[in-house]
Amino acid sequence: MTINKQEFAQIIADDLLEQLDEFYSLQEVWDNEIDRQIHEWYMNAPTVYPKRPYFSPSAANACPRELYYKAKRAPKDEGRRQPHQARWAGIGTRVGDMIQRDILAMERHLEDKAGVSPRFRFERTQKGEPMFEEFAKTNKRINYAGKTFYLYGAPDGIMKYVTDDGEILRVGLEIKTKQTTPARTSEFSMRGPDESHVKQVTCYAEMYNVDYYVILYVNTAHKGWSMTEEDYEKNPDMRAFGIHVTGEMKAGVFDYFVDVLDSIEKGEPMPLDLDKWAFNPYKTVIAQDLTDEELAELERQVRRVENSSLPAFKKRSIREAYNEIITLRESEY
C-alpha cells in the first residue's frame, strides 16, 4: 500500500513517541558523562547575531503590529510580571532541555538497556555538537517576491531517522509544553498541532533543508502517578504530530513576511491583532500610537466577537485585551 508524505510524516512522529516511551519505561539511566559534555558544549557555544531584516520562526504567526514595532526597534514594555508566569515559561524551557538530553542518552543506552536500536539520533555539527539550540543557530537568506530577508533562530533539534528499509532521513524536532490540565493533550482536546507551531516549523524546515518535522507536545499536568492503561490512553502526557512541509506552506508564510516588510518600508503599520495581544512585548507603545479611528475599529471588533458564537474564553480574552489597551492609553495622560 502506498502512503503519501503526510501519512509518512505521522509514522515518523509515532516512531519517536514509541522510542521515548521505551526509554522512559526503563529504570532511570545515569550518565554523568552526558551531563558533563552538555555543560562543556554550552560553555563554548558559538555566538550568532541576526542579520537584518530578519524574522524568527515564531514570528510566522505573530501580530503584524508587533513585528512592525520590533523592526523599528521600539522600546519594549518595562516593569514586573506575575511571578508564576516566569516559572511557567521556565518549565517549558526545561522540558525541552530534558527531551534533548534524553535523546542523547538514548543514543548511548537504549540498545544496551532495552535491546532496541534507536531510530532517532541528533545530527552533529562539524565540531561534534548536537544540532540543536545555540549549536545550530543560523541566518538563512530568503529572496522572495522581490524582497530579501533572513530567517534567524535555532531549532530544538535536527535528527537522523532510520526508516524500516534502513534509509536515513533528516527530521526536525520542535518541543512544546502544555501545563494547564491533563486533558489538554487528550485525543479529544488535541486533534492536531497548533497552527502557529506548524508555521514555525515551516520556517525551520527552510532554514535547515528538511522536509519532515515532528512537533512533540509534553504535558506537565498529570492525571495521577499511577494510571490504568485506559487512563493513559485517554490522557497521554505526550503527543507527537508529523508534518510534511511543502513549498505551498512556505509560500504562505513568506507572503505574510513580505506584507510585513512592505508595511515597515512604507511606515504604515498593519492592523493590530487582538487575539495575539497577550504575549505582545510592545503593548505600551502600540496602545499609545493607535489612532482614534483604529481604536474605534477595535471596539467594533470586540462587539462582533461578543455577539458571535465563539467560546466564552475567546470572548473574554478579546475584551480583556481591548480593556488593557484603554488603560495603557489613559496612562499616557
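Antiparallel versus total DSSP beta bridges in the stretch 160-275: what percent is that, nearest 5?
Percent antiparallel among DSSP bridges in the stretch 160-275 is about 55.
Would you kindly state how much longer the chain becomes between Asp275 and Arg73 on full extension, computed as 0.36 nm times their sequence separation minus their alpha carbon distance, in nm to one decimal?
Numbers: separation 202, 0.36 × 202 = 72.72 nm, distance 2.26 nm.
Between Asp275 and Arg73, full extension yields 70.5 nm more.
For the chain, modelled as a GNM with alpha-carbon contacts under 10 angstrom, which of Asp194, Asp31, Asp14 fluctuates the most?
Result: Asp31 has the largest fluctuation of those listed.
At a 1.4 Å probe, what is the % contribution of carbon and sulfur to the accessible area of the chain?
Reported share for carbon and sulfur atoms: 49 percent.
So which lysines can Lys223 reach, going by Cα to Cα under 22 Å and dropping same-chain residues fewer than 8 places off?
Result set, ordered by chain and number: Lys176, Lys178, Lys234.
Expressed as an acute angle from 0 to 90° and rounded to the nearest 10, what is the orientation of the C-alpha long axis of helix 83-114 relative to the principal long axis of the chain?
The angle comes out at about 20 degrees.
What are the ³J(HN,Hα) values, in whole Hz, obtained from phi via the Karplus relation 6.51 cos²θ - 1.76 cosθ + 1.60 with θ = phi - 60°, for each residue of the stretch 229-235 in sequence order, with x given for Gly and Pro?
With coefficients 6.51, -1.76 and 1.60, one gets 4, 5, 4, 5, 5, 7, 10 Hz.
Could you list the square roots of 5 times each eigenvalue of the Cα gyration tensor of the chain, that is, the equivalent ellipsoid semi-axes, sorted largest first and rounded to whole Å?
Working: eigenvalues 279, 120, 81 Å².
With the √(5λ) rule applied to the chain, the semi-axes are 37, 24, 20 Å.
Convert each backbone phi in the stretch 283-299 into a coupling constant with the Karplus relation 6.51 cos²θ - 1.76 cosθ + 1.60 (shift: θ = phi - 60°), then list the ³J(HN,Hα) values in order as whole Hz, x for Gly and Pro.
Each residue's phi maps through the Karplus curve to give 4, 4, 5, 5, 4, 6, 8, 4, 7, 4, 5, 5, 5, 5, 5, 5, 5 Hz.
With the Cα gyration tensor of the stretch 143-270 in hand, give its eigenvalues times 5 under a square root as the equivalent ellipsoid semi-axes, listed largest first in whole angstrom.
Working: eigenvalues 228, 83, 24 Å².
One finds semi-axes of 34, 20, 11 Å for the stretch 143-270.
Cα gyration tensor of the stretch 132-197, axes a ≥ b ≥ c as square roots of the eigenvalues: rounded (a/c below 1.5), prolate (a/b > b/c) or oblate?
Details: a/c = 2.06, a/b = 1.34, b/c = 1.53.
Since a/c reaches 1.5 but b/c is at least a/b, the shape of the stretch 132-197 is classed as oblate.
State to the nearest 20 debye the size of the charge dipole of the chain about its Cα centre, where the only charges are +1 on K and R beta carbons and -1 on D and E beta carbons. It would help to have the intermediate numbers written out before the result.
Values: 46 positive and 57 negative charges, 222 e Å.
So the magnitude is around 1060 debye.
Just tell me which aspartates and glutamates come within less than 14 Å, Cα to Cα, of Lys266; anything on the same chain fewer than 8 places away is out.
Result set, ordered by chain and number: empty.
Can you list residues from other chains, or at least 5 along the same chain, whose modelled amide H is less than 5 Å from the amide H of Glu123?
Answer set, sorted by chain and number: Met131, Ile158, Met159, Lys160.
As a quick test, which of the pairs Lys147/Lys314; Lys5/Lys147; Lys70/Lys147; Lys5/Lys276 have an alpha carbon distance above 26 angstrom in this structure? Please report the intermediate quantities before stating the final value.
Working: Lys147/Lys314 35 Å; Lys5/Lys147 30 Å; Lys70/Lys147 18 Å; Lys5/Lys276 32 Å.
Correct reply: Lys147/Lys314; Lys5/Lys147; Lys5/Lys276.
Could you give the angle, 0 to 90 degrees to the nearest 10, between helix 5-24's Cα long axis and the longest principal axis of the Cα atoms of the chain?
The angle comes out at about 60 degrees.
What does the extension gain come out to for Arg319 and Ser196, with contour length at 0.36 nm per residue minus their alpha carbon separation? Numbers along the way, then the final one.
Details: separation 123, 0.36 × 123 = 44.28 nm, distance 2.19 nm.
That works out to 42.1 nm of additional length.
Count neighbours as other Cβ atoms within 10 Å of each site's Cβ, and list the GluC sites (Glu not before Pro) in the stretch 2-85 that are DSSP loop with at most 15 such neighbours. Let's see the in-between values first.
Details: sites: Glu7, Glu18, Glu22, Glu28, Glu33, Glu40, Glu66, Glu78; in loops: Glu28, Glu78.
Within the stretch 2-85, the qualifying GluC sites (Glu not before Pro) (loop, at most 15 other Cβ atoms within 10 Å) are Glu28, Glu78.
Can you tell me what percent of all Cα-Cα pairs in the stretch 31-165 are more than 26 Å apart? All intermediate terms of the calculation are to be shown ahead of the outcome.
Working: 3821 of 9045 pairs.
Across the stretch 31-165, Cα pairs with separations above 26 Å total 42 percent.
How high is the relative contact order of the chain, in percent, counting Cα pairs under 8 Å that sit 6 or more residues apart?
On the way: 453 pairs, mean separation 75.1, N = 333.
Here the relative contact order equals 23 percent.
Just to confirm, what accessible area per residue do you get for the chain at 1.4 Å probe, in whole Å²?
Values: 18870 Å² over 333 residues.
On a per-residue basis, the chain sits at 57 Å².
Give me the angle, in degrees from 0 to 90, between the Cα long axis of helix 32-43 and the longest principal axis of the Cα atoms of the chain, rounded to the nearest 10.
The two axes meet at around 40 degrees.
Can you give the % of DSSP beta bridges in the chain that are antiparallel, to the nearest 5?
Details: 24 of 34 bridges.
Within the chain, antiparallel bridges account for around 70 percent of the total.
Given Cβ point charges of +1 (Lys, Arg) and -1 (Asp, Glu) and nothing else, what value in debye, to the nearest 20, does the dipole of the stretch 151-234 about its Cα centre take? Present the calculation step by step, with values, prior to reporting the outcome.
Details: 9 positive and 14 negative charges, 87 e Å.
Its charge dipole is roughly 420 debye.
How large is ³J(HN,Hα) for each residue in the stretch 150-167, as worked out from phi by the Karplus curve 6.51 cos²θ - 1.76 cosθ + 1.60 (θ = phi - 60°), to whole Hz, x for Gly and Pro?
Computed from phi, the couplings for the stretch 150-167 are 10, 9, 10, x, 9, x, 6, x, 10, 10, 10, 10, 9, 6, 4, 8, x, 6 Hz.
Considering the dipole of the chain built from charges on the beta carbon (Lys and Arg +1, Asp and Glu -1) around the Cα centre, which of Tyr213, Val253, Ile168 is farthest to its positive end?
Val253
Which one of Tyr42, Tyr68, Tyr150 has the biggest mean-square fluctuation once the chain is modelled by GNM with Cα springs under 10 Å?
Looking only at Tyr42, Tyr68, Tyr150, the largest GNM fluctuation is found for Tyr42.
The values are calculated or read from the model by the stated rules, or taken from the named source; none is laboratory data. None of the values given here were measured: they were computed from a predicted structure. Cβ coordinates were reconstructed from backbone atoms using ideal geometry, including for glycine residues, and neighbour counts include every protein chain displayed. In case anyone asks, the SASA skips ligands and DNA or RNA and just uses the protein heavy atoms, side chains included. Shrake-Rupley method; radii C 1.70, N 1.55, O 1.52, S 1.80 Å.
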